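For reference, the structure is listed below as structure tokens.
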Amino acid sequence: MPGPSAIEWTQATWNPVTGCDKVSPGCAHCYAETFAERWRGIPGHPYEQGFDLKLWPERLEIPLRWRKPRMIFVNSMSDLFHERVPGEFINRVWMTMRNAPQHTYQILTKRPERLLEWTEVAARVKGWPVDEIWPPWVWLGVSIENRRFVHRADVLRETPAAVRFISAEPLLGPLVPDDGEGGWEDEYEGPGLYLNEIDWLIAGGESGPHHRAVRPEWIRALRDATRLWDSDEVTQLDGRFCAFFFKQWGGRYPTSGGRELDGRTWDEMPRVKERAE
């Protein structure tokens, strides 16, 4: 249901789509699926259908009725770019966001290829200008849980989003070198993550009864990487280029391990800026 959120990096959730399907290891213990499946078969409940994909056209105008500005996580219980969400429905979600600029919208996907395809169709077929597709109050992020999926960041960089972000949660392996020499542990395969043209990095461990442990060195390496990468060269920009947000260590419950990393919490937010077309 729409309303205030307990997620540390947002203020509210809006779910014009609910339900999803697993596409990568980070989905294995999906909190949204666990919650939705509790209510499967209960007549009249919003999750009577469990975690099966469902469109909610009656929810499309909810942000228009929220007058007070808020940061909104779009589809916390689904993925807007799921292959079975029709392009026309995505268009309607976009028009709501376009017409309610008092809010900031955070869209997170594990399907960036579908996102890029939709963007190209909207520009070519609909004739939407780039600034209509990606107004500065619409942020776009991808989930990356291990090095097998760092290509999602490459696709993200192809979009003209005003703010691009990565959610490394649940973090299931190292994404950047942590030995100071660019080396990798042999047990992990795949290319490393580069943060050029990425504005915000959220990192965290997994929670729940079957949580997989995160190693402190994986988190520290990500934090340290945000201190270094600029879009053109390895340098520092005003002390940081990519904002860093450490959500949790994880455990049986989200609060089990706390949120401190090296004696402090990390709650940085991205600097909002326009991008050239």
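The values are calculated or read from the model by the stated rules, or taken from the named source; none is laboratory data. Quick caveat: nothing in here was measured; it's all calculated off a predicted structure. Cβ atoms come from the backbone with ideal geometry, glycine included; neighbour counts cover every protein chain shown.
From the list PRO16, PRO43, the one residue that fits, being on the phi < 0 side of the Ramachandran plot and in contact with a helix residue (DSSP H, G or I) (Cβ under 7 Å, 6 or more places away or on another chain), is PRO16. The set of residues from segment 240-265 being under 19 Å from ASP199 (Cα atoms) and among the hydrophobic types (A, V, I, L, M, F, W, C) comprises PHE241, CYS242, ALA243, PHE244, PHE245, PHE246. Please work out if ALA32 is touching a Cys at 6+ places or on another chain (Cβ under 9 Å) and aliphatic (A, V, I, L, M). The answer is yes for ALA32.
So, GLU158, is that one under 18 Å from GLU88 (Cβ atoms), in contact (Cβ under 8 Å) with a residue 12 or more places away in the chain and surrounded by fewer than 19 Cβ atoms within 10 Å (Cβ to Cβ) or not? Step through it out loud before you land on a result.
Details: under 18 Å from GLU88 (Cβ atoms): no; in contact (Cβ under 8 Å) with a residue 12 or more places away in the chain: yes; surrounded by fewer than 19 Cβ atoms within 10 Å (Cβ to Cβ): yes.
In short, no.
In segment 1-21, the qualifying residues are those that are hydroxyl-bearing (Ser, Thr, Tyr) and assigned to a strand (DSSP E or B), and the one that is farthest from LYS54 (Cα to Cα) is THR13. For segment 66-92, a residue qualifies if it is closer than 27 Å to ARG124 by Cα and among the polar types (S, T, N, Q), and the qualifying residues are ASN75, SER78, ASN91.
Results for (1) under 19 Å from the mean Cα position of the chain (by Cα); (2) over 25 Å from ILE7 (Cα atoms), shown as yes or no for each residue.
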{"position": "SER78", "(1), (2)": "yes, no"}
{"position": "ASN91", "(1), (2)": "no, yes"}
{"position": "ARG98", "(1), (2)": "no, no"}
{"position": "LYS110", "(1), (2)": "yes, no"}
{"position": "ARG114", "(1), (2)": "yes, yes"}
{"position": "GLU120", "(1), (2)": "no, yes"}
{"position": "ALA123", "(1), (2)": "no, yes"}
{"position": "LYS126", "(1), (2)": "no, yes"}
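Of the numbered conditions (1) at pLDDT 95 or above; (2) surrounded by fewer than 19 Cβ atoms within 10 Å (Cβ to Cβ), ARG67 satisfies every one except a single condition; which is it? Every condition holds for ARG67 apart from (1). Residue check: is LEU80 in a loop (DSSP other than H, G, I, E, B) and among the aliphatic types (A, V, I, L, M)? Criteria met by LEU80. When you check PRO43 against the structure, is it within 18 Å of VAL85 (Cβ to Cβ) and over 20 Å from the mean Cα position of the chain (by Cα), yes or no? No: the conditions fail for PRO43.
When segment 201-215 is examined, which residues are found to be in contact with a strand residue (DSSP E or B) (Cβ under 8 Å, 6 or more places away or on another chain) and either of a type in the set (Ser, Thr, Tyr) or closer than 19 Å to SER256 by Cα (or both)? Write out each step before concluding.
Applying the first criterion (in contact with a strand residue (DSSP E or B) (Cβ under 8 Å, 6 or more places away or on another chain)) to segment 201-215 yields 201-205, 207, 211, 214.
Matches in segment 201-215: ILE202, ALA203, GLY204, GLY205, SER207, HIS211, VAL214.
Looking across segment 80-95 at every residue that is surrounded by 20 or more Cβ atoms within 10 Å (Cβ to Cβ) and touching a residue at least 60 places away in the same chain (Cβ under 8 Å), the one that is farthest from SER143 (Cα to Cα) is identified as VAL93. A count restricted to segment 22-51 and to residues that are surrounded by 14 or more Cβ atoms within 10 Å (Cβ to Cβ) and either of a type outside the set (D, E, K, R) or in a loop (DSSP other than H, G, I, E, B) (or both) stands at 18.
Taking PHE73, is it surrounded by fewer than 19 Cβ atoms within 10 Å (Cβ to Cβ) and in contact (Cβ under 8 Å) with a residue 12 or more places away in the chain? Steps first, please.
Numbers: surrounded by fewer than 19 Cβ atoms within 10 Å (Cβ to Cβ): no; in contact (Cβ under 8 Å) with a residue 12 or more places away in the chain: yes.
Spelling it out, it is not the case that PHE73 is surrounded by fewer than 19 Cβ atoms within 10 Å (Cβ to Cβ) and in contact (Cβ under 8 Å) with a residue 12 or more places away in the chain.
Note down all Cβ pairs under 6 Å where the first residue falls in segment 224-251 and is among the aliphatic types (A, V, I, L, M), the second is modelled with pLDDT of 50 or more and assigned to a loop (DSSP other than H, G, I, E, B), and they're at least six residues apart or on different chains. Note: pairs meeting the criteria are ALA225/VAL176; ALA225/LEU195; VAL234/LEU228; ALA243/GLU268; ALA243/MET269; ALA243/PRO270.
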